[in-house]
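S.K.: Structure below; questions to follow.
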Amino acid sequence: KEHDHGHDHGAGCEDPSCTVDHSHGKHGHGDRTAHWSSRVSSVGFVREGDLDMDKVNEWIGQLLQDKGPDIYRMKGVLALKDTPTKFAFQAVHMQMQGEMLGEWGAAEKRQSKLVFIGKDLNKEELGAALDACMVK
């Protein structure tokens with residue numbers, strides 16, 4: 001793939017006075033899996049209905065305590081029981097923050113959307129834990 005080496009002329013420069021090294025040095029364009037572990041993935045969920053905030057707090061708190069170093073990023077917008085506003089949250093490793101956003105629209109489905117990026121994520125376990133937080 002083409003990319004920039006920080007100069008303003010192409011890699012095929014033929015200018016004899018050019019002092020820019022156009023080789024790729026230590027970085028190449030071969031198999032990129034050498035830089036990324038196959039254990040890293042992203043997992044997303046969408047659930048219609050409301051979540052129980054106490055259960056969500058307990059689950060996310062335990063998840064970050066148990067797997068915090070392996071969870072690179074989490075973010076989502078949640079529909080919480082008895083709350084007319086959307087709750088947005090994000091977490092990087094073991095640091096989490098959240099805030100209430102605008103109200104749900106009259107014609108808008110109350111649903112929660114979450115995305116996890118991390119190492120050794122178990123989609124089935126995460127999905128089951130999220131389902132356990134749903135208001136029945």
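The values are calculated or read from the model by the stated rules, or taken from the named source; none is laboratory data. Everything quoted here is computed from the prediction, not taken from an experiment. Neighbour counts are summed over all protein chains in view; Cβ atoms, including those assigned to glycine, are modelled from backbone coordinates with ideal geometry. In case anyone asks, the SASA skips ligands and DNA or RNA and just uses the protein heavy atoms, side chains included. Shrake-Rupley method; radii C 1.70, N 1.55, O 1.52, S 1.80 Å.
S.K.: Within the stretch 116-136, restricting attention to residues that are among the charged types (D, E, K, R) and farther than 29 Å from ASP82 by Cα, which residue is most open to solvent (accessible area, probe 1.4 Å)?
M.R.: Ranking the qualifying residues of the stretch 116-136, first place goes to ASP120.
S.K.: I've got another one for you. Take the stretch 78-136 and flag every residue that is farther than 17 Å from TRP59 by Cα, touching a Ser or Thr at 6+ places or on another chain (Cβ under 8 Å) and assigned to a loop (DSSP other than H, G, I, E, B).
M.R.: TRP104
S.K.: May I pose another question? Under 9 Å between Cβ atoms, which residue pairs at least 6 apart in sequence (or on different chains) link something in the stretch 63-82 that is among the aromatic types (Phe, Trp, Tyr) with a partner that is surrounded by 13 or more Cβ atoms within 10 Å (Cβ to Cβ) and not in a strand (DSSP E or B)?
M.R.: TYR72/HIS93
S.K.: If you don't mind, there's one more thing I want to ask. For LYS55, state whether it is modelled with pLDDT of 90 or more, assigned to a loop (DSSP other than H, G, I, E, B), open to solvent by 60 Å² or more (accessible area, probe 1.4 Å) and closer than 25 Å to LEU130 by Cβ.
M.R.: So LYS55 does not fit the description; no.
S.K.: Just for the stretch 58-77: of the residues that are in a strand (DSSP E or B) and open to solvent by less than 40 Å² (accessible area, probe 1.4 Å), which one is farthest from GLN111 (Cα to Cα)?
M.R.: Residue satisfying both the conditions and the ranking: ILE71.
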